[in-house]
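For reference, the structure is listed below as structure tokens.
The values are calculated or read from the model by the stated rules, or taken from the named source; none is laboratory data. Quick caveat: nothing in here was measured; it's all calculated off a predicted structure. Cβ placement follows ideal geometry from the backbone for every residue including glycine, while neighbour counts extend to all protein chains displayed. Ligands, DNA and RNA are excluded from the accessible area calculation, which covers all protein heavy atoms including side chains. Shrake-Rupley method; radii C 1.70, N 1.55, O 1.52, S 1.80 Å.
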Amino acid sequence: MSDDGDELQGADLPLAALFAGWAMADEVQRRIAADGMGDLRFADGVVFQHLVPGPIAISALAERLGVTQQAASKAVADLERRGYVERVTGAEDARVRHVSLTERGRAAIEAGRRHRAALQDELAAKLGPRRAEGARRLLAEVAAELGASPAVRGRRVRPPR
């Protein structure tokens, strides 16, 4: 899991954070794939975050994602084809279709959580718990300083445009 990292020592903070984030995301994806979910993509998590609280109408999902209803429907159809979500009839209005996580979708979320926690523990063991916690806190402060808190709190995190 390591190499000397000399070429990264000169990276500025935005690039160092970006490279570290990509490297950690790739490692988590690799581990999730080893669990039998090799078709899962990092971007699927952008949709999943809106489904964790429960079923949501596709129109509301589109609004939360900041995309058209057609784009949200396309993403849902792809996730449905891969078995991570299902469309269900709305409880209040049978004409409204809601998107809900399937058992496989919930397993994917659990796998992501489990592998992120394991990776964090491994990095703490390798770098030292104080340094790892300091890095986590610093990056959280940077994200908050740059206005990310409302998106995180509201489960509306999106990749940069």
Which percent of the accessible area of segment 18-104 is formed by carbon and sulfur heavy atoms (probe 1.4 angstrom)?
56 percent
Can you list which of the chymotrypsin sites (Phe, Trp or Tyr not before Pro) found in segment 30-92 are DSSP loop residues with at most 14 other C-beta atoms within 10 Å?
Phe42
Taking a ≥ b ≥ c as the square roots of the Cα gyration tensor eigenvalues, with a/c under 1.5 meaning rounded and otherwise prolate when a/b beats b/c, else oblate, which class fits segment 41-85?
rounded
Per residue, accessible area of segment 63-161 with a 1.4 Å probe, heavy atoms of protein chains only, in Å², comes to 71 Å²
May I ask you to order 64-71, 89-96 by the average number of other C-beta atoms within 10 Å around their residues, highest value first?
64-71, 89-96
Here segment 35-48 yields Karplus 3J(HN,Hα) values (6.51, -1.76, 1.60; θ = phi - 60°; whole Hz; Gly and Pro given as x) of 7, x, 10, x, 8, 6, 10, 3, 5, 4, x, 5, 6, 4
Signed unit charges on C-beta, dipole axis of the chain, positive-most listed residue Pro14, Pro159, Leu101:
Leu101
One would report the Cα pair-distance distribution of the chain, bin width 10 Å, in %, as 9, 32, 33, 18, 6, 1
Residue-span extension gain [Glu63 to Val152] - 0.36 nm each, minus C-alpha spacing
30.4 nm
With the 8 Å Cα cutoff and a minimum separation of six or more residues, the chain has a relative contact order in percent of 21 percent
Largest fluctuation, Arg137, Arg82, Arg104 only, Gaussian network model of the chain with Cα springs under 10 angstrom, belongs to Arg137
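Tell me whether segment 71-146 comes out rounded, prolate or oblate; compute the Cα gyration tensor, take square roots of the eigenvalues as a ≥ b ≥ c, and use a/c under 1.5 as the rounded threshold. Spell out each step's value before the answer.
Details: a/c = 3.70, a/b = 2.30, b/c = 1.61.
It comes out prolate by the Cα gyration axes.
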